[in-house]
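The block underneath contains the structure these notes are about, expressed in C-alpha coordinates.
The values are calculated or read from the model by the stated rules, or taken from the named source; none is laboratory data. Source: prediction; values computed, not measured. We place every Cβ from the backbone using ideal geometry, glycine too, and count neighbours over all the protein chains shown.
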Amino acid sequence: MIRVPAACLFLVVYVAALPAFVRADDFKPQIDQTIRSLIEEKKTLGVAVGILTQNEPAKAFGYGKVAQKSDKEPDGDTIFEIGSITKVFTALLLSDMAAEGLVKLDDPVRLYLPDNVKVPTRGGKEITLLDLATHRSGLPRLPTNFVYSQMRSASNPYAHYTPQLMFAFLSGYELPRGIGSKYEYSNFGFGLLGYALARKANRSYEELVVKRICEPLKMKDTRITLSLELRARLAEGHTAGGKVAANWDFDALAGCGALRSSVSDLLIFAAANLGRIKTPLLSAMETCHAERGDSDVKTVRMGLGWHSLHPQGTEQKVIWHNGGTGGYHSYLGFIKESQTAVVVLSNSTTSIDAQALLILKAITPAWK
(Lines give C-alpha, C1' and ligand atoms only; values in the text may rest on other atoms or scores of the structure.)
Protein backbone atom coordinates (compact mmCIF):
# COMPACT_ATOMS: atom_id res chain seq x y z
CA MET A 1 0.00 0.00 0.00
CA ILE A 2 2.99 2.31 0.33
CA ARG A 3 2.66 4.39 -2.78
CA VAL A 4 4.63 4.05 -5.96
CA PRO A 5 4.93 7.55 -7.49
CA ALA A 6 1.78 8.37 -9.43
CA ALA A 7 3.74 10.50 -11.88
CA CYS A 8 1.41 9.95 -14.80
CA LEU A 9 -1.15 12.13 -13.00
CA PHE A 10 1.19 15.07 -13.23
CA LEU A 11 2.27 15.17 -16.83
CA VAL A 12 -0.47 17.48 -18.08
CA VAL A 13 -0.22 20.02 -15.27
CA TYR A 14 1.60 23.26 -16.07
CA VAL A 15 2.35 26.35 -14.03
CA ALA A 16 0.44 29.47 -14.99
CA ALA A 17 2.03 32.91 -15.03
CA LEU A 18 1.75 34.76 -11.72
CA PRO A 19 3.29 37.94 -10.30
CA ALA A 20 6.84 37.58 -9.02
CA PHE A 21 5.73 38.33 -5.45
CA VAL A 22 2.50 37.11 -3.93
CA ARG A 23 1.21 36.56 -0.42
CA ALA A 24 0.49 33.06 0.82
CA ASP A 25 -2.99 34.07 2.03
CA ASP A 26 -3.88 35.13 -1.52
CA PHE A 27 -4.04 31.47 -2.50
CA LYS A 28 -6.48 30.28 0.15
CA PRO A 29 -9.56 30.51 -2.13
CA GLN A 30 -7.80 28.34 -4.73
CA ILE A 31 -6.69 25.85 -2.10
CA ASP A 32 -10.20 25.81 -0.64
CA GLN A 33 -11.69 25.02 -4.04
CA THR A 34 -9.13 22.29 -4.72
CA ILE A 35 -9.48 20.46 -1.40
CA ARG A 36 -13.08 20.99 -0.35
CA SER A 37 -14.39 19.01 -3.30
CA LEU A 38 -12.54 15.97 -1.89
CA ILE A 39 -14.35 16.41 1.42
CA GLU A 40 -17.75 17.09 -0.14
CA GLU A 41 -17.46 14.06 -2.43
CA LYS A 42 -16.48 11.95 0.61
CA LYS A 43 -13.19 10.92 -0.98
CA THR A 44 -11.42 11.71 2.26
CA LEU A 45 -12.41 12.73 5.77
CA GLY A 46 -9.75 15.31 6.53
CA VAL A 47 -6.86 17.11 4.82
CA ALA A 48 -4.12 19.42 6.08
CA VAL A 49 -2.30 21.62 3.56
CA GLY A 50 0.92 23.59 4.00
CA ILE A 51 2.54 25.98 1.56
CA LEU A 52 5.73 27.98 1.21
CA THR A 53 5.76 30.92 -1.19
CA GLN A 54 8.50 33.38 -2.08
CA ASN A 55 9.57 35.61 0.79
CA GLU A 56 6.62 34.56 2.93
CA PRO A 57 6.34 32.51 6.13
CA ALA A 58 4.84 29.05 5.91
CA LYS A 59 1.05 28.75 5.99
CA ALA A 60 -1.17 25.82 6.95
CA PHE A 61 -4.86 25.20 6.24
CA GLY A 62 -7.21 22.46 7.43
CA TYR A 63 -10.32 20.84 5.96
CA GLY A 64 -12.80 18.20 7.09
CA LYS A 65 -12.35 16.25 10.32
CA VAL A 66 -9.56 14.43 12.14
CA ALA A 67 -11.89 11.56 13.05
CA GLN A 68 -15.41 10.35 12.35
CA LYS A 69 -16.59 11.17 15.87
CA SER A 70 -14.91 14.57 15.99
CA ASP A 71 -15.72 17.99 14.56
CA LYS A 72 -12.11 19.16 14.88
CA GLU A 73 -10.45 20.20 11.61
CA PRO A 74 -6.91 19.02 10.90
CA ASP A 75 -4.30 21.75 11.20
CA GLY A 76 -0.55 22.19 10.89
CA ASP A 77 0.03 20.24 14.11
CA THR A 78 -2.15 17.22 13.29
CA ILE A 79 -0.15 13.99 13.01
CA PHE A 80 -0.53 11.69 9.99
CA GLU A 81 1.26 8.58 8.77
CA ILE A 82 3.40 9.75 5.83
CA GLY A 83 4.27 6.37 4.31
CA SER A 84 6.87 6.51 1.57
CA ILE A 85 7.90 10.11 2.26
CA THR A 86 9.95 8.24 4.88
CA LYS A 87 12.23 7.21 1.99
CA VAL A 88 13.61 10.73 1.52
CA PHE A 89 14.61 10.73 5.20
CA THR A 90 16.36 7.39 4.69
CA ALA A 91 18.16 8.79 1.64
CA LEU A 92 19.22 11.86 3.62
CA LEU A 93 20.65 9.62 6.33
CA LEU A 94 22.73 7.90 3.66
CA SER A 95 23.93 11.18 2.18
CA ASP A 96 24.77 12.68 5.57
CA MET A 97 26.59 9.58 6.79
CA ALA A 98 28.52 9.42 3.51
CA ALA A 99 29.53 13.08 3.88
CA GLU A 100 30.87 12.25 7.34
CA GLY A 101 32.83 9.30 5.97
CA LEU A 102 30.90 6.69 7.92
CA VAL A 103 29.80 4.95 4.72
CA LYS A 104 30.35 5.37 0.99
CA LEU A 105 27.59 5.54 -1.60
CA ASP A 106 29.20 2.74 -3.58
CA ASP A 107 29.69 0.46 -0.57
CA PRO A 108 28.09 -2.97 -1.01
CA VAL A 109 25.16 -3.29 1.39
CA ARG A 110 26.54 -6.65 2.58
CA LEU A 111 29.19 -4.72 4.54
CA TYR A 112 26.49 -3.54 6.93
CA LEU A 113 24.61 -6.81 7.41
CA PRO A 114 25.46 -9.87 9.53
CA ASP A 115 28.25 -12.00 8.03
CA ASN A 116 25.96 -14.98 7.52
CA VAL A 117 23.57 -13.06 5.24
CA LYS A 118 24.06 -13.77 1.55
CA VAL A 119 23.14 -10.75 -0.58
CA PRO A 120 22.39 -11.63 -4.23
CA THR A 121 24.89 -10.59 -6.90
CA ARG A 122 24.78 -10.66 -10.69
CA GLY A 123 27.51 -10.51 -13.31
CA GLY A 124 30.16 -9.99 -10.67
CA LYS A 125 28.43 -6.84 -9.32
CA GLU A 126 27.15 -6.32 -5.78
CA ILE A 127 24.17 -4.26 -4.67
CA THR A 128 25.41 -0.95 -3.30
CA LEU A 129 23.84 1.60 -0.98
CA LEU A 130 23.46 3.88 -4.02
CA ASP A 131 21.59 1.16 -5.93
CA LEU A 132 19.12 0.88 -3.06
CA ALA A 133 18.65 4.65 -2.78
CA THR A 134 17.85 5.02 -6.50
CA HIS A 135 15.59 1.95 -6.90
CA ARG A 136 18.10 0.26 -9.21
CA SER A 137 19.14 -2.71 -7.09
CA GLY A 138 17.16 -5.35 -8.94
CA LEU A 139 15.28 -6.17 -5.73
CA PRO A 140 11.48 -6.36 -6.04
CA ARG A 141 8.89 -3.96 -4.67
CA LEU A 142 8.15 -6.46 -1.90
CA PRO A 143 9.83 -9.79 -1.03
CA THR A 144 8.06 -13.04 -1.83
CA ASN A 145 8.07 -14.04 1.85
CA PHE A 146 6.23 -10.84 2.82
CA VAL A 147 3.10 -13.00 2.78
CA TYR A 148 4.12 -14.45 6.16
CA SER A 149 3.88 -10.99 7.68
CA GLN A 150 0.56 -10.29 5.96
CA MET A 151 -0.87 -13.55 7.28
CA ARG A 152 -0.13 -12.38 10.81
CA SER A 153 -2.10 -9.16 10.24
CA ALA A 154 -3.54 -8.04 6.92
CA SER A 155 -4.47 -4.67 8.43
CA ASN A 156 -0.92 -4.06 9.71
CA PRO A 157 1.19 -5.88 7.10
CA TYR A 158 4.70 -4.57 7.83
CA ALA A 159 4.59 -5.07 11.60
CA HIS A 160 5.69 -8.69 11.52
CA TYR A 161 8.29 -8.54 8.77
CA THR A 162 11.38 -9.25 10.84
CA PRO A 163 15.10 -9.01 10.08
CA GLN A 164 15.15 -12.81 9.99
CA LEU A 165 12.59 -12.85 7.18
CA MET A 166 14.54 -10.14 5.35
CA PHE A 167 17.79 -12.11 5.62
CA ALA A 168 16.09 -15.31 4.49
CA PHE A 169 14.70 -13.62 1.39
CA LEU A 170 18.04 -12.02 0.47
CA SER A 171 19.91 -15.28 0.90
CA GLY A 172 17.61 -17.15 -1.47
CA TYR A 173 16.76 -14.49 -4.08
CA GLU A 174 18.06 -14.53 -7.65
CA LEU A 175 18.21 -11.12 -9.32
CA PRO A 176 16.22 -11.00 -12.59
CA ARG A 177 18.54 -8.50 -14.32
CA GLY A 178 21.81 -6.63 -13.95
CA ILE A 179 22.25 -4.42 -10.90
CA GLY A 180 21.81 -0.77 -11.86
CA SER A 181 20.33 -1.58 -15.25
CA LYS A 182 16.73 -0.57 -14.59
CA TYR A 183 14.54 1.43 -12.22
CA GLU A 184 12.08 -0.62 -10.18
CA TYR A 185 10.41 1.03 -7.19
CA SER A 186 11.24 -1.09 -4.16
CA ASN A 187 9.86 -0.77 -0.65
CA PHE A 188 12.02 -3.74 0.25
CA GLY A 189 15.17 -2.04 -1.05
CA PHE A 190 14.60 1.12 1.00
CA GLY A 191 13.70 -0.90 4.06
CA LEU A 192 16.97 -2.78 3.64
CA LEU A 193 18.86 0.50 3.25
CA GLY A 194 17.37 1.94 6.44
CA TYR A 195 18.16 -1.26 8.34
CA ALA A 196 21.78 -1.29 7.11
CA LEU A 197 22.38 2.37 8.05
CA ALA A 198 20.86 1.90 11.49
CA ARG A 199 22.98 -1.19 12.09
CA LYS A 200 26.10 0.73 11.05
CA ALA A 201 25.21 3.51 13.51
CA ASN A 202 24.34 1.00 16.26
CA ARG A 203 20.97 2.70 16.74
CA SER A 204 17.38 1.95 15.83
CA TYR A 205 16.17 3.49 12.58
CA GLU A 206 13.98 5.93 14.51
CA GLU A 207 16.84 6.97 16.79
CA LEU A 208 19.01 7.62 13.75
CA VAL A 209 16.39 9.82 12.05
CA VAL A 210 15.76 11.79 15.23
CA LYS A 211 19.46 12.28 16.00
CA ARG A 212 20.66 13.21 12.51
CA ILE A 213 17.64 15.01 11.04
CA CYS A 214 14.86 15.89 13.46
CA GLU A 215 16.89 17.30 16.32
CA PRO A 216 19.12 19.53 14.12
CA LEU A 217 16.04 20.88 12.31
CA LYS A 218 13.94 21.10 15.50
CA MET A 219 11.30 18.81 14.01
CA LYS A 220 9.43 17.59 17.09
CA ASP A 221 6.50 15.87 15.38
CA THR A 222 8.36 13.47 13.08
CA ARG A 223 8.59 10.15 14.85
CA ILE A 224 7.68 6.47 14.57
CA THR A 225 6.87 5.90 18.23
CA LEU A 226 4.34 8.50 19.35
CA SER A 227 4.36 10.02 22.82
CA LEU A 228 1.01 10.47 24.54
CA GLU A 229 1.02 14.10 23.44
CA LEU A 230 1.71 13.23 19.79
CA ARG A 231 -0.81 10.38 19.81
CA ALA A 232 -3.47 12.80 21.03
CA ARG A 233 -2.87 14.76 17.81
CA LEU A 234 -2.94 11.72 15.50
CA ALA A 235 -5.68 11.85 12.85
CA GLU A 236 -7.78 8.71 12.52
CA GLY A 237 -6.95 6.84 9.30
CA HIS A 238 -9.57 5.64 6.80
CA THR A 239 -9.86 3.44 3.75
CA ALA A 240 -11.02 4.87 0.43
CA GLY A 241 -14.49 3.58 1.34
CA GLY A 242 -14.55 5.59 4.56
CA LYS A 243 -13.99 2.78 7.05
CA VAL A 244 -11.65 3.36 9.99
CA ALA A 245 -8.24 1.82 9.24
CA ALA A 246 -5.65 0.43 11.61
CA ASN A 247 -2.37 2.27 12.00
CA TRP A 248 0.68 0.64 10.48
CA ASP A 249 3.76 -0.45 12.40
CA PHE A 250 7.14 -1.54 11.02
CA ASP A 251 9.98 -3.80 12.05
CA ALA A 252 12.83 -4.54 9.63
CA LEU A 253 11.50 -2.36 6.80
CA ALA A 254 11.00 0.87 8.79
CA GLY A 255 13.18 2.83 6.35
CA CYS A 256 10.60 2.50 3.60
CA GLY A 257 7.54 3.98 5.31
CA ALA A 258 7.35 4.06 9.10
CA LEU A 259 7.44 7.78 9.90
CA ARG A 260 4.56 9.90 11.14
CA SER A 261 4.65 13.67 10.91
CA SER A 262 2.72 16.93 10.64
CA VAL A 263 2.37 19.64 8.01
CA SER A 264 4.32 22.02 10.27
CA ASP A 265 7.27 19.64 10.56
CA LEU A 266 7.31 18.79 6.85
CA LEU A 267 7.26 22.50 5.98
CA ILE A 268 10.41 22.86 8.09
CA PHE A 269 11.91 19.96 6.16
CA ALA A 270 10.90 21.53 2.84
CA ALA A 271 12.31 24.91 3.85
CA ALA A 272 15.61 23.27 4.81
CA ASN A 273 15.76 21.52 1.43
CA LEU A 274 15.17 24.89 -0.26
CA GLY A 275 18.03 26.45 1.71
CA ARG A 276 15.66 28.75 3.59
CA ILE A 277 16.80 27.39 6.94
CA LYS A 278 20.46 27.46 7.87
CA THR A 279 21.52 23.86 8.48
CA PRO A 280 24.66 21.74 8.12
CA LEU A 281 22.38 19.20 6.38
CA LEU A 282 21.98 21.38 3.27
CA SER A 283 24.91 19.89 1.39
CA ALA A 284 23.69 16.36 2.06
CA MET A 285 20.19 17.41 0.98
CA GLU A 286 21.49 18.82 -2.28
CA THR A 287 23.34 15.56 -2.91
CA CYS A 288 19.96 13.84 -2.63
CA HIS A 289 18.40 16.26 -5.13
CA ALA A 290 20.99 15.53 -7.83
CA GLU A 291 19.56 13.36 -10.60
CA ARG A 292 21.23 9.99 -11.05
CA GLY A 293 19.07 8.16 -13.55
CA ASP A 294 15.68 7.75 -15.14
CA SER A 295 12.52 6.24 -13.69
CA ASP A 296 9.68 4.33 -15.30
CA VAL A 297 8.09 7.60 -16.50
CA LYS A 298 9.70 9.70 -19.25
CA THR A 299 9.38 13.07 -17.49
CA VAL A 300 10.48 11.83 -14.04
CA ARG A 301 14.09 11.25 -13.01
CA MET A 302 15.57 9.80 -9.85
CA GLY A 303 17.80 11.33 -7.20
CA LEU A 304 18.59 9.79 -3.83
CA GLY A 305 15.10 9.01 -2.58
CA TRP A 306 13.55 12.01 -4.33
CA HIS A 307 11.87 12.00 -7.74
CA SER A 308 12.21 14.99 -10.08
CA LEU A 309 9.29 15.85 -12.35
CA HIS A 310 10.18 17.76 -15.53
CA PRO A 311 6.92 19.16 -16.97
CA GLN A 312 7.04 19.72 -20.70
CA GLY A 313 8.00 23.19 -21.87
CA THR A 314 9.98 24.35 -18.82
CA GLU A 315 13.44 24.02 -17.33
CA GLN A 316 12.14 24.11 -13.76
CA LYS A 317 11.48 20.86 -11.96
CA VAL A 318 9.41 19.61 -9.06
CA ILE A 319 11.34 17.56 -6.50
CA TRP A 320 8.80 15.37 -4.77
CA HIS A 321 7.68 12.21 -3.05
CA ASN A 322 4.31 10.85 -2.04
CA GLY A 323 3.23 8.15 0.35
CA GLY A 324 0.37 6.01 1.52
CA THR A 325 -0.40 3.52 4.27
CA GLY A 326 -3.57 1.64 5.15
CA GLY A 327 -5.41 4.82 6.16
CA TYR A 328 -3.44 7.83 4.94
CA HIS A 329 -2.01 9.54 1.86
CA SER A 330 0.71 12.19 1.70
CA TYR A 331 2.58 14.44 -0.73
CA LEU A 332 5.61 16.71 -0.37
CA GLY A 333 6.98 18.68 -3.30
CA PHE A 334 9.09 21.78 -3.87
CA ILE A 335 10.60 23.87 -6.66
CA LYS A 336 14.03 25.27 -5.88
CA GLU A 337 14.02 27.90 -8.63
CA SER A 338 10.86 29.57 -7.34
CA GLN A 339 11.36 28.73 -3.63
CA THR A 340 7.88 27.26 -3.38
CA ALA A 341 6.71 24.10 -1.64
CA VAL A 342 3.53 22.23 -0.80
CA VAL A 343 2.66 19.58 1.79
CA VAL A 344 -0.68 17.78 1.67
CA LEU A 345 -1.60 15.14 4.28
CA SER A 346 -4.87 13.21 4.26
CA ASN A 347 -6.43 10.71 6.66
CA SER A 348 -7.70 8.53 3.82
CA THR A 349 -6.02 6.24 1.30
CA THR A 350 -7.54 8.24 -1.58
CA SER A 351 -4.70 9.85 -3.54
CA ILE A 352 -4.29 13.62 -3.15
CA ASP A 353 -1.29 13.85 -5.53
CA ALA A 354 -3.11 15.65 -8.33
CA GLN A 355 -4.58 18.18 -5.89
CA ALA A 356 -1.18 18.76 -4.30
CA LEU A 357 0.40 19.51 -7.65
CA LEU A 358 -2.44 21.86 -8.58
CA ILE A 359 -1.74 23.80 -5.39
CA LEU A 360 1.98 23.89 -6.13
CA LYS A 361 1.08 25.12 -9.61
CA ALA A 362 -1.06 27.89 -8.17
CA ILE A 363 1.59 29.21 -5.75
CA THR A 364 4.54 29.08 -8.15
CA PRO A 365 5.52 32.19 -10.13
CA ALA A 366 5.96 32.07 -13.91
CA TRP A 367 8.44 29.55 -15.27
CA LYS A 368 11.75 31.23 -16.02
In the range 178-205, the residues that are among the charged types (D, E, K, R), surrounded by 17 or more Cβ atoms within 10 Å (Cβ to Cβ) and closer than 16 Å to residue 94 by Cβ: 200
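With 276, 231, 260 as the choices, which residue is touching a helix residue (DSSP H, G or I) at 6+ places or on another chain (Cβ under 8 Å) and not aliphatic (A, V, I, L, M)? Let's see the steps before the verdict.
Numbers: 276 fails: touching a helix residue (DSSP H, G or I) at 6+ places or on another chain (Cβ under 8 Å); 231 fails: touching a helix residue (DSSP H, G or I) at 6+ places or on another chain (Cβ under 8 Å).
The match here is 260.
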Filtered residues of the range 125-161 (kept if over 22 Å from the mean Cα position of the chain (by Cα), not in a helix (DSSP H, G or I) and not hydrophobic (A, V, I, L, M, F, W, C)): 125, 126, 144, 145, 153
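Could you go through the range 270-288 and let me know if any residue there is among the acidic types (Asp, Glu) and under 18 Å from the mean Cα position of the chain (by Cα).
Initial filter on the range 270-288 (among the acidic types (Asp, Glu)): 286.
If we keep only those that are under 18 Å from the mean Cα position of the chain (by Cα) as well, we get 286.
Looking for residues that are among the acidic types (Asp, Glu) and under 18 Å from the mean Cα position of the chain (by Cα), one finds at least one in the range 270-288, hence yes.
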The range 245-264 residues that are within 17 Å of residue 332 (Cα to Cα), paired with ones that are among the charged types (D, E, K, R) and surrounded by 24 or more Cβ atoms within 10 Å (Cβ to Cβ) (beta carbon under 7 Å, 6 or more apart): 256/87; 260/81
Pairs with Cβ under 6 Å, 6+ apart, first in the range 157-168 and more than 17 Å from residue 109 (Cα to Cα), second buried (at least 18 other Cβ atoms within 10 Å of the Cβ) and among the polar types (S, T, N, Q): 157/149; 160/149; 161/149
Residue pairs meeting the criteria (Cβ under 7 Å; at least 6 apart or on separate chains; first assigned by TED's automatic domain parsing to the domain that holds residue 110 and on the phi < 0 side of the Ramachandran plot, in the range 123-142; second crowded, with 21+ Cβ neighbours inside 10 Å and among the acidic types (Asp, Glu)): 137/131
Some residue of the range 229-242 being over 19 Å from residue 330 (Cβ atoms) and either among the hydroxyl-bearing types (Ser, Thr, Tyr) or assigned to a helix (DSSP H, G or I) (or both): yes
Selection count, the range 246-272, where residues are buried (at least 22 other Cβ atoms within 10 Å of the Cβ) and more than 22 Å from residue 141 (Cα to Cα): 9
